[in-house]
Structures are given as C-alpha cells and as structure tokens.
Amino acid sequence: MRVLLVEDDDAIAEPLVAGLRRDGFDVHRVRTAHDALAADPGDFVLLDLGLPDGDGADVCRSLRARSGVPIIVITARGDEIDRVVLLELGADDYVVKPFGFRELVARIRAVARRASPRTDAGAPLRVGPLEVDRRTRRATLAGTELVLTPKEFDLLAHLTAEPDAVHTRQSILEAVWDPHWYGPTKTLDVHVASLRKKLGDPRWIETVRGVGFRLREPG
Ligand code: CA
C-alpha cells in the first residue's frame, strides 16, 4: 500500500516513516501543503493539519475534491477542530498527537478495509427512481445525477442496499464511519439531513425514533 505522509515535524515523521516501512508500507513523505497537493496521493493519505505554508484542512478539502483516496488527519492536542467539520472536509478518520504507532496502523487498516469495496461492488442498486452504482460511485434520481460527498454516497449506498429495513445508528456508524469517532450521533444526523435535501423529499429517509433510519420510496 502506497502512503502519502504530509507532516512537517521530523520528530513525528521520521519514526513514523521508519515504522510504516517496517510494516511493508511504501511511504512518500512531504513537508508542506504545496508539496502535498503536487504529490501522488497513492492509496492512502496521512495528513497533519498544522503545516508551515497553509492549513491542512484546505489540503484535505482539495484532495477530496479530486480523489476518493482515504485520508486520516493527524491533529495536535488542543487543536480546536470540530470532528463534524473534519468529516465534512472528507476525512475518513483522525488521530490526536501523541498517538501510538500500533493504534495508527490499526486505523489505517480499518479505513482501507472500508474503502476497498468501492472497487468491486456489483450491480447498481435501485429503489424506484433512485439508482446507486457503487462501482462508479454515482447516484442518480430519475436520471439526474446527485452531487454527493464521499460519505454521503457511502451512507446512501448503505441504506439503499437494504431498502425498507431499519438500520440502527450503531450499524450505520460501523459500516460507514469508524467506531472510533466520538460525537458520531451528530455526524450521522448532519449527513442524513444533507442527503434528504439532495434527494428533494425528506420522506426518502425515515427516522425510526430511538432506533435508526430506513430508506424507502416516498409515496
Ligand atoms: Ca505540523
């Protein structure tokens, strides 16, 4: 697996590069926001938010706008970073410095595992006029493409795979996000609200009070 590490601090980057290489990762390290955006993101990005020439959050947004590459954000303790904002930027997970190397590798593997079904996802899912193609990661409603963030797509695909079934909050969070996220309830609600807006009818995603959500054709 090719990993792009964006980190200006040698004291963090050097042992990380050595450890990841020992574990069989092919690591390319850059120090600045400029170099991060110029580099090949490879299969995975580890992104420090505090960069000398710019905000890592902007790098995250730019990478996400042009690629589905999984991104784990590295934040410093005390960074006033709202987890929901990180998700909205397109990050898949985050770690807070100082973090354990084993913990980080476990996160990388978990995020990579969730990302990999994107490439071999089978036939498009259909519910009435809604079509979700996990192979191309495109969703259309009555033939019109829905413009979705990666997480909105994953959430819609997850619900559409089993229409009419009630999906518990916990099962959705485990399938679509990482169970390590804290404050996840708000995150999920933010994404559901945004999907409802994009689907044009809130009845597509029904709230099952105290349990979770269910997708079905309105009417
Ligand atoms: Ca830094």
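Of everything in segment 102-155 that's outside the structural domain of Val176 (by TED's automatic domain parsing) and of a type in the set (Asp, Glu), which residue is modelled with the highest pLDDT? Among them, the one singled out is Glu103.
Going by what's in this entry, would Glu88 be described as within 16 Å of the ligand (Cβ to nearest atom) and acidic (Asp, Glu)?
Working: within 16 Å of the ligand (Cβ to nearest atom): no; acidic (Asp, Glu): yes.
Spelling it out, it is not the case that Glu88 is within 16 Å of the ligand (Cβ to nearest atom) and acidic (Asp, Glu).
Of the set (1) within 16 Å of the ligand (Cβ to nearest atom); (2) under 26 Å from Glu174 (Cβ atoms); (3) touching a strand residue (DSSP E or B) at 6+ places or on another chain (Cβ under 7 Å), all apply to Asp93 but (1).
Results for (1) touching a helix residue (DSSP H, G or I) at 6+ places or on another chain (Cβ under 8 Å); (2) within 13 Å of the ligand (Cβ to nearest atom); (3) over 29 Å from Val192 (Cβ atoms), shown as yes or no for each residue.
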{"position": "Gly24", "(1), (2), (3)": "no, no, yes"}
{"position": "Arg29", "(1), (2), (3)": "yes, yes, yes"}
{"position": "Val45", "(1), (2), (3)": "yes, no, no"}
{"position": "Asp55", "(1), (2), (3)": "yes, yes, no"}
{"position": "Val69", "(1), (2), (3)": "yes, no, no"}
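Here Ala13, Ala76, Ala38 are screened, and the one residue that is outside the structural domain of Val147 (by TED's automatic domain parsing), without any contact (Cβ under 8 Å) to a residue 40 or more places away in the chain, away from the ligand (no atom under 16 Å from the Cβ) and out of contact with any helix residue (DSSP H, G or I) (no Cβ under 7 Å at 6 or more places or on another chain) is Ala38. Scanning segment 158-213 for residues that are modelled with pLDDT of 95 or more and assigned to a loop (DSSP other than H, G, I, E, B) yields Gly200, Asp201.
Can you tell me how many residues in segment 136-157 are assigned to a helix (DSSP H, G or I) and either within 12 Å of the chain's Cα centre (by Cα) or among the basic types (Lys, Arg) (or both)?
First, the residues of segment 136-157 that are assigned to a helix (DSSP H, G or I): 150-157.
Add one more test, that the residue is either within 12 Å of the chain's Cα centre (by Cα) or among the basic types (Lys, Arg) (or both), and what stays is 150-155.
Total meeting the criteria: 6.
Restricting attention to segment 117-128, does a residue exist that is surrounded by 15 or more Cβ atoms within 10 Å (Cβ to Cβ) and part of a helix (DSSP H, G or I)? Checked segment 117-128: at least one residue is surrounded by 15 or more Cβ atoms within 10 Å (Cβ to Cβ) and part of a helix (DSSP H, G or I).
Taking segment 10-25, which residues are surrounded by fewer than 16 Cβ atoms within 10 Å (Cβ to Cβ) and closer than 25 Å to Asp58 by Cα?
Within segment 10-25, the subset surrounded by fewer than 16 Cβ atoms within 10 Å (Cβ to Cβ) is 10-11, 14-15, 18-19, 21-24.
Those that are surrounded by fewer than 16 Cβ atoms within 10 Å (Cβ to Cβ) and closer than 25 Å to Asp58 by Cα: Asp10, Ala11, Glu14.
Out of Glu131, Glu162, one residue alone is over 22 Å from Arg61 (Cβ atoms) and surrounded by fewer than 17 Cβ atoms within 10 Å (Cβ to Cβ). It is Glu162.
The values are calculated or read from the model by the stated rules, or taken from the named source; none is laboratory data. These numbers come from a predicted model, not from an experiment. Positions of Cβ are generated from backbone atoms using ideal geometry, with glycine treated the same way; all protein chains shown enter the neighbour counts.
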